[in-house]
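Novice: Sending over a structure as structure tokens; questions will come in a sec.
Rule-based calculations on the coordinates, nothing more; no lab input. As the structure is a prediction and not an experimental result, all values here were calculated from the model. A quick note on method: Cβ atoms are made from the backbone with ideal geometry, for glycine too, and the neighbour counts reach across all protein chains shown.
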Amino acid sequence: MRRQGWRQAREAYGWHTTLAPRHADLDLLRHLNNAAVIGLHIEARVRWLDAVLLQPAGDGLRLRPAGLWTDFLAEGTYPEALEAGVALLCVDAEAAHIATALFQQGRCIGLQHTELAAWQDGERVPLPAALVQQLRLHEQPRPLPAEVHAAFGAPATQAIEELLATRYADVDAEGLLSDVALARYLEHGRSRWWLDGGADPSRLPLTGGVDVMVAHIALRMHRATPVPVTWRLRTGVQALGRSSVVLRCRLFDGAALQADSEAVLVAIDPATHRPAPLPEAVRERWSALLPVA
């Protein structure tokens, strides 16, 4: 998405709203953490839908993402307000494609693309014709980003599995796992491999004098069903570069795949704010999780 230059221009978005970050959104480096930023994009999209839809989607029909792609361009701060822009790029019976951008202190700090679908009884169904007609009144046609058409690779065979208990706060107003809670689950899976030994959440990311920036997260949802008591989360390394790693996180309800994600993490030199080589200890630990050739 970041290669589509128009996305970082405020005037490219036909609808805007102001959002306030919370102190609880800060990470250990005192920046807005990636799950909170994803949540701000979601809040903007939900507000826009409330503003433009004249009537509900219909009994038993839920409008929920089938895909979310988020680029993190710069560090968000607290307590400065953010402005969010929303644009509907296209809509048909399959999905509505919605672009959002976050602006803070005169610069664009993040982009998100949502593939919004209709769900019924946990499965994806076509968008109703009346709903498509309503949304088309607000289209700002633009090409879709390449990420929307890109398929994930084969899942890592060396993934680490753990169980996560569903909390009451994870359930949204529709009685399903909220998108923000899903982002938090996947953040948890990724963060375990940022920490020494994966056990001490008070430690700063990685070791060897570098920090970590999440540059991009791609997320696909496969089901929209009532939450189980316990989820299975599988985290593995998809690819490893000089300064970056692609982590694959998959969330299961029993044997059923609920959601799948790939995240690009980049090691950053805190003095120069430029990419830095991954520390050897981290590279060795993550190499053990690479897919078997």
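Novice: Could you compute how fast the chain diffuses translationally, taking Rh as the Kirkwood radius over C-alpha pairs and applying Stokes-Einstein at 20 °C with viscosity 1.002 mPa s? Give it in µm² per second. Could you put the intermediate results ahead of the total?
Specialist: Details: Rh = 19.8 Å.
Using the Kirkwood radius from Cα pairs, D works out to 108 µm²/s.
Novice: Would you mind computing, in nm to one decimal, how far apart the modelled labels at ARG274 and GLN158 are, each placed 7 Å from Cα along Cα→Cβ?
Specialist: My value for the distance between the label points is 3.1 nm.
Novice: For ILE109, enumerate residues with amide H under 5 Å from its amide H, sequence gap 5+ or separate chain, H modeled in the peptide plane.
Specialist: Answer set, sorted by chain and number: LEU102, PHE103, GLN104.
Novice: Also: Report the Rg/Rh value for the stretch 154-293, based on alpha-carbon coordinates and the Kirkwood definition of Rh. Intermediate results must be reported in sequence, preceding the final value.
Specialist: Values: Rg = 15.6 Å, Rh = 15.7 Å.
Radius of gyration relative to Kirkwood radius: 0.99.
Novice: How do TRP15, TRP6 rank when sorted from fewest to most other Cβ atoms within 10 Å of their own Cβ?
Specialist: Placing the least packed residue first, the sequence is TRP6, TRP15.
Novice: Another question, then. Quote the relative contact order of the chain in percent (integer), defining contacts as alpha-carbon pairs under 8 Å separated by 6+ residues.
Specialist: Numbers: 607 pairs, mean separation 51.5, N = 293.
This gives 18 percent for the chain.
Novice: Enumerate the calculated ³J(HN,Hα) couplings along the stretch 132-141 in order (Karplus 6.51 cos²θ - 1.76 cosθ + 1.60, θ = phi - 60°), each rounded to whole Hz, writing x wherever the residue is Gly or Pro.
Specialist: 4, 5, 4, 5, 5, 5, 10, 5, 10, x
Novice: Return the whole-Å distance between the Cα centroid of the stretch 136-156 and the Cα centroid of the stretch 203-276.
Specialist: Cα centres, the stretch 136-156 to the stretch 203-276: 20 Å.
Novice: Continuing with this model, one more query. Sort GLU139, GLU280 so the one with the fewest other Cβ atoms within 10 Å of its own Cβ comes first.
Specialist: Values: GLU139 15, GLU280 10.
Fewest to most other Cβ atoms nearby, the residues stand as GLU280, GLU139.
Novice: If we sort 140-151, 66-77 on the protection proxy, mean other Cβ atoms within 10 Å, highest first, what's the order? If you can, show how the numbers build up before the last one.
Specialist: Numbers: 140-151: 12.5, 66-77: 20.0.
Those peptides, ordered most packed to least, come out 66-77, 140-151.
Novice: When the distances between all Cα atoms of the stretch 1-150 are binned every 10 Å from zero, what whole-number percent does each bin get?
Specialist: 11, 41, 33, 14, 1
Novice: If we sort 91-97, 16-22, 36-42 on the protection proxy, mean other Cβ atoms within 10 Å, highest first, what's the order?
Specialist: Details: 91-97: 17.7, 16-22: 13.9, 36-42: 23.3.
Put in order of decreasing packing, that is 36-42, 91-97, 16-22.
Novice: Further, regarding this structure: What FRET efficiency do you get for GLU123 and ARG22 if R0 is 41 Å and r is their Cβ-Cβ distance, rounded to the nearest 0.05?
Specialist: Values: r = 35 Å, r/R0 = 0.84.
Once rounded, the FRET efficiency stands at 0.75.
Novice: Based on the mean of other Cβ atoms within 10 Å per residue, sort peptides 159-167, 224-232 so the most packed one is first.
Specialist: On the way: 159-167: 13.2, 224-232: 15.6.
Output ranking for 159-167, 224-232: 224-232, 159-167.
Novice: Rounded to the nearest 500 deg cm²/dmol, what is the calculated helix-only ellipticity per residue at 222 nm for the chain, with -39500 (n - 2.57) per DSSP H run of length n ≥ 4?
Specialist: Details: 4 runs with 48 residues, N = 293.
The helix contribution divided over the chain gives -5000 deg cm²/dmol.
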